[in-house]
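Structure first, then comments.
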Amino acid sequence: MVSPAATVETRRRIVDAAARRALLVTLGKTTVEEIAAEAGVSRATVYRWFPGGREEIVAALVDSQLDAFFSDLASHVRDAPDFERLLVRGLMRAHAGMVDHRLLQRVLDVEPELVLPELQRRSRSLVGDIADFLRPYLTTTELADDLDVDEACRYLARLTLSFIGNPGSWDLTDEAETTRLVRTQFLAGLVRRP
């Protein structure tokens, strides 16, 4: 009998193999057979884990990359001294991580039609996940009167996702400018100012 850990490892190997193929060739030109060979498993094993074939593998790849990205981000901002610093650190780290993410940049450059629908699919759950992460930090901040904390968290989550990928004219590599962005666009109207 195969252990649960071994089966999870097999699934991870298949997803990692798809990531390597995306960097070497493209996902669009990669067959399930090539992913299986790269993972060191049979074609039947790939279909056992991913009955939907390549499209399902792409979805799992996007999920795994996003999970790793946001896990790293959460670790990076956890010890922020206050909510404003948490947002500044988070925006700077997330933007840098996205710009430096070789796999994401390659897929967006070469075959955005494969990854953009998957990113869109995950965007709603990401807003909820980010809002849930922000909630305990926001509740320790002195908020404006009659502010709905859940609504504020969802607003901040959507704004964060928007700016990570497209900061517009804001330089998210500059801490002073990112701080200005957070104060004027993220927290204005949400927190009570002296």
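Odds and ends about this structure:
- Condition met for residue 19 (surrounded by fewer than 13 Cβ atoms within 10 Å (Cβ to Cβ) and either assigned by TED's automatic domain parsing to the domain that holds residue 111 or outside any loop (DSSP other than H, G, I, E, B) (or both)): no
- Hits in region 31-49 (condition: farther than 17 Å from residue 8 by Cα and among the aliphatic types (A, V, I, L, M)): 32, 37
- When region 127-153 is filtered for residues that are part of a helix (DSSP H, G or I) and either more than 16 Å from the chain's Cα centre (by Cα) or outside the structural domain of residue 71 (by TED's automatic domain parsing) (or both), the ones remaining, listed by number, are 135, 136, 137, 138, 149, 150, 151, 152, 153.
- Exactly one residue out of 85, 124 is among the charged types (D, E, K, R), in a helix (DSSP H, G or I), assigned by TED's automatic domain parsing to the domain that holds residue 143 and over 16 Å from residue 172 (Cα atoms): that is 124.
- Counted residues, region 36-58 - those being free of Cβ contacts under 8 Å to residues at least 24 places away in the same chain, over 23 Å from the mean Cα position of the chain (by Cα) and part of a helix (DSSP H, G or I): 7
- Test: residue in region 27-34 that is within 23 Å of the chain's Cα centre (by Cα), touching a residue at least 40 places away in the same chain (Cβ under 8 Å) and not in a loop (DSSP other than H, G, I, E, B): no
- Counting residues in region 81-88 that are touching a strand residue (DSSP E or B) at 6+ places or on another chain (Cβ under 9 Å) and either hydroxyl-bearing (Ser, Thr, Tyr) or surrounded by fewer than 19 Cβ atoms within 10 Å (Cβ to Cβ) (or both) gives one or more.
- When we screen 73, 103, 61 for residues that are assigned to a helix (DSSP H, G or I), under 30 Å from residue 142 (Cα atoms) and in contact with a helix residue (DSSP H, G or I) (Cβ under 6 Å, 6 or more places away or on another chain), the only hit is 73.
The values are calculated or read from the model by the stated rules, or taken from the named source; none is laboratory data. Just so you know, these numbers come straight off a predicted model, no measurement behind them. Cβ atoms come from the backbone with ideal geometry, glycine included; neighbour counts cover every protein chain shown.
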